[in-house]
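The values are calculated or read from the model by the stated rules, or taken from the named source; none is laboratory data. Note that the coordinates shown come from a computational prediction; the quantities given were computed from them, not determined experimentally. Glycine also receives a Cβ, built like all others from the backbone with ideal geometry; neighbour counts cover every protein chain displayed.
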Amino acid sequence: MIESKQDMKGAYRQKCEIFNIIGGKLTKLHIEVCGIVQGVGFRPFVHRLVKEYGLSGWVRNTARGAELELEGEEPALEAFAAGLRTEAPPLAVIESVEVRPAPGGEHFEGFRIIPSERGERMRTLISPDTGICPDCLRELLDPADRRYRYPFINCTNCGPRFTIIRSVPYDRAYTSMSEFPMCPDCEAEFEDIENRRYHAQPNCCPVCGPKTYFADERGRRLPGDGIEAARRLIKSGGILCVKGLGGMHLACLAGDEAAVARLRRRKHRDEKPFAVMCRDAAAARRLCEVTEAEERALTSFRKPIVLLKKRARGTYMHLSENNSIGVMLPYTPLHVLLLGEDLDCLVMTSANLSETPIVYKNAEALEKLRGIADGFLLHDREILTRCDDSLIRIYEGRDYPVRRSRGYVPYPISVNHLAEGLLACGAEQKAGFCLAKDGYAFPSQHIGDLKNLETLDCYEEQLRHFARLFDFEPRAVACDMHPDYLSTAAAEELAAKRRIPLLRVQHHHAHMVSCMADNCLEGECLGLIWDGTGYGTDGATWGGELLAGGARGFERLGSIRPIPLPGGDLAVLEIRRIAEALRFESGLAGEDPLLRRMLERGVSCPKSSGMGRLFDGVCALAGIRTESSYEGQGAVLLEAAADEAELGEYDLAFEDNVFDWRPMIRQIAALGEAPGTVAAKFMNTLVSAAAAQCRSAAEKTGLRRVVLSGGVFQNMYLMERLPRALRAAGLEVYTHSRVSPNDEGVALGQLMILEASYVSGGTAEDS
C-alpha cells in the first residue's frame, strides 16, 4: 500500500527499473475528474505532476470537472493517477476519477492546457470561501513582499469565492472583482502556470485591488490607515463594525466586560452567547480546552467557529452563560491585521438587528448600525451573497454542524441517488433550502428564522441566486406540513406559478431522512427525533418522537406524554408556565393561580410532545431560569448546570411506548435537589427512556439502525451518553456530520422524500 508521496515515488522508480528491463512501451490514458476542480489551482497542479512524472498530453475543463489525456510509461501513469487524489490542491474536492485506455495515434509533444469544452452546458461546482492559506499569510507579514500588509491577498488556495460570484462561469468578469482590472504584475502571475495565482480570479495587489477605509460613528470617511484607526477604537473600548467575507461583524475586546455589556445593550442581545475570534490557536487554548481534532478544525481552510469547552466553569460569563464558547481564528488577511500581534481575542458577532439577516452592504451598515457601532472598517469590494460564519462542534473526532455556511456552502452533499430538478423549501426556524442538480444535493447557507419580511426577502433572493448559479429549473417542490410557515407559503406560490407538484412533508420525518441521507443510508431505520416543535400528521405539535421508516414513509412508534402550554407560544418565552403545567399534570400543587385556572379549564393550553418544551419546564422547576431570552436557552442552561459526576436517574414510566414524565416530575418536586443534580438526573433519565423505547421498537420492527436528529441533539451531555446506551443495546447509531441536526438540515430530508415520491409517481398532496 502506498502511504505517502515519497513511497509513491519509490514505487514508481522500482516499477520503472522493471519496466526498462522488460522493454516498456508508451501508453495512453483518458482520465475524467469530477468535483470541485475549477478555480482551485487544479490544472497547474496537473501540470506540475505531469512534469514530475515525465508525461505528455493535455488537460481541459469540462461540464463535469476536468478531462485529461496523457501519454507515458505505465508505472508513471499509475503513479500520476494515484497522485491526483493524494496530492490535489487544498481546495480541490475530487468526487470521482475515471481512468480508461485512450486510443493510439500520434504521440503527444509536451503538455498543454487547452480551451474548455464547448457545446454543452457547463456545470461548475463552485468552491466555498476559504481562509487565508499559509503561503499568503507568510507574504502578508513579509516586509519584503509586494503585498506586505495588503488585506486582500489571495491565491488559488484561499480567498473569496461564493460570496463574490454573480453568475457562472467562474471568471473575474462575473464576480465583484470585475471592478478592479489587474495591473501588469498581477496579470503576469495570472497567466503563469507555474505561479500559484494562475487563473486565481480574485488576484490583486495594492496597486490594482480593493482598498479599506475607516468611517466614524456618523459614517464620515476618515483619512489615514483604516486598519490602525479600527485597532485604536477597539483598544479604547469601542465597538467596531468590520466587513468580512460574507457580511459585517460587530467586534470589541472580549476581555472588556464593559464593552461587551454595551454591545449587548445596543444589539438587544442580553444573554445569547457571543462568538470570539482569537489571534491564533495558542490564544484559543488560553481561553478554552482544545483537542487535536478541534485545533485541526480551527486551523483548517474552512475556518469555522468551533464550540470549545471553557477551561473552568463559571468563567467568561459575559461572553457565554454555558460551559462552551464559540471560537474562530482570523480567516481573512483583514482580520489578521486587525488583531495584529497584541490583540488576543475579540468578540466577533454577526452585525444584524434582532432576528434579521446579517448586514452585508456598506451603505446598509452605515444606516442600520448607526448607534450600535462606534466606527466602521469597510472596503470597496462588494459582497454579492450574504454568508454567515459556520458553527460546528467536534463529535467523535469529526464535524458536527450547528450552522452550515461560510467555508462549506455551496459545496454539495453527495447522496446515493437523486432525480433532477427537485427543490425543498425547508422549515421556518433556521431556514434554508436544498435543490437537486446533476445528482447532487445543494443545501443553501444558513438564512435565519423566517419571522419577518427582511429574512423572507433574503430567503427568496438566495433561491434566485442558486437558480442562476446552477442553471436550476424546479420540476417538483417539497415543504413542511405546517400551514403557517412562510417557507410553506413560498413553496405553494412557486408550485402554483410553475404548475409543478407540491409535496408536504411531516417535519420529523424530514429530520429522520436528513440524517439517513447524511450517512447515505437506504431502506428503513428507526429515527429518534427530539426538537422543540413540529406540525404532526394529526394537527398536534410533536417533538419527542420515535419513528420507523425511510424516504417512502414512516410510522410513529413512540413519543413523550404531551405537555399543555398555557398561553401557547408565550410559554416558550415564559418557561415558568411550562413548569406550572408539569406540576398540574403530575398532581402537584401550583404556584400561579391564573395559570392553574387556565390548565383546569383547558383554555389557551395547546399540547405539545416537544422534547424541547420538557427541557424548558424542568429548567424552570430546577430553579435555574423562569424565562427564556433566546431559542433553546432552557436546554442550554440545563446542559451547562449538569453535574457530570451524577449517575442517578428518576423513575421511568411508559404506556404504549410513550414516555410518561409525571413520576419524574413528582420526584424532582419532592427531593428538592440542587440544580446540577436535577439537570444530570433528568438527562440520565432521558437516556434510559430513549434506550428503552428503541429496544422495544427494534424488537417490534426488526430494525437495528437508529438515526438521531433534531435540535435537542446539539446537547453534548446527551450525545456523549445516549449513543453509548443504544450501542450497548445492540443497535447501530448514526448521527449528523454534513448537515445540522437542527431545522437547518430539514430541507435535505424533504428533498430525499420528494425524490422518493417524485420518482415513484407521487402527486402534489402525497405525504
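Scanning the range 61-91 for residues that are in contact with a helix residue (DSSP H, G or I) (Cβ under 9 Å, 6 or more places away or on another chain), farther than 19 Å from THR156 by Cβ and not in a strand (DSSP E or B) yields GLU74, PRO75, ALA76, GLU78, ALA79, PHE80, ALA82. Of the residues making up the range 700-735, those that are within 20 Å of ALA645 (Cα to Cα) and either in contact (Cβ under 8 Å) with a residue 12 or more places away in the chain or assigned by TED's automatic domain parsing to the domain that holds HIS509 (or both) are ASN715, MET716, TYR717, LEU718, MET719, ARG721, LEU722, PRO723, ALA725.
Being crowded, with 18+ Cβ neighbours inside 10 Å, at pLDDT below 95 and either of a type outside the set (S, T, N, Q) or touching a strand residue (DSSP E or B) at 6+ places or on another chain (Cβ under 9 Å) (or both) is true for just one of GLY632, GLY612. Which residue is that? So that I can check it myself, show each step before the final result.
Values: GLY612 fails: at pLDDT below 95.
When all the criteria are applied, what remains is GLY632.
If the condition is being surrounded by 22 or more Cβ atoms within 10 Å (Cβ to Cβ), among the aliphatic types (A, V, I, L, M) and over 27 Å from the mean Cα position of the chain (by Cα), then the range 361-388 contributes only ALA373. For LEU250, state whether it is within 27 Å of VAL37 (Cα to Cα), assigned by TED's automatic domain parsing to the domain that holds ASP344, among the aliphatic types (A, V, I, L, M) and surrounded by 23 or more Cβ atoms within 10 Å (Cβ to Cβ). Answer is no for this residue. For first residues located in the range 564-592 and within 13 Å of TRP661 (Cβ to Cβ), partners that are in a loop (DSSP other than H, G, I, E, B) and of a type in the set (Phe, Trp, Tyr) and lie 6+ apart or on another chain with Cβ distances below 9 Å form the pairs LEU582/TRP661; GLU585/TRP661; SER586/TRP661. I need the full set of residues from the range 98-109 which are in contact with a strand residue (DSSP E or B) (Cβ under 7 Å, 6 or more places away or on another chain) and surrounded by fewer than 16 Cβ atoms within 10 Å (Cβ to Cβ), in order please. Correct list: GLU98, ARG100, PRO101, GLY104, HIS107, GLU109.
Only residues that are surrounded by 20 or more Cβ atoms within 10 Å (Cβ to Cβ), part of a helix (DSSP H, G or I) and not β-branched (Val, Ile, Thr) were counted across the range 487-514, and they come to 11.
Taking the criterion of being at pLDDT below 95, within 12 Å of VAL739 (Cβ to Cβ) and of a type in the set (Gly, Ala, Ser), no residue of the range 396-413 qualifies.
Can you tell me which condition PRO566 does not meet? The list is (1) touching a Cys at 6+ places or on another chain (Cβ under 8 Å); (2) surrounded by fewer than 23 Cβ atoms within 10 Å (Cβ to Cβ); (3) part of a loop (DSSP other than H, G, I, E, B), and all the others hold. Checking PRO566 against (1) touching a Cys at 6+ places or on another chain (Cβ under 8 Å); (2) surrounded by fewer than 23 Cβ atoms within 10 Å (Cβ to Cβ); (3) part of a loop (DSSP other than H, G, I, E, B), the one that fails is (2). Considering only residues in the range 301-323 that are within 30 Å of PRO160 (Cβ to Cβ) and without any contact (Cβ under 8 Å) to a residue 60 or more places away in the chain, the one that is surrounded by the fewest Cβ atoms within 10 Å (Cβ to Cβ) turns out to be SER320.
Restricted to the range 239-258, and to residues there that are under 21 Å from LEU329 (Cα atoms) and small (Gly, Ala, Ser), the residue that is farthest from the chain's Cα centre (by Cα) is GLY255.
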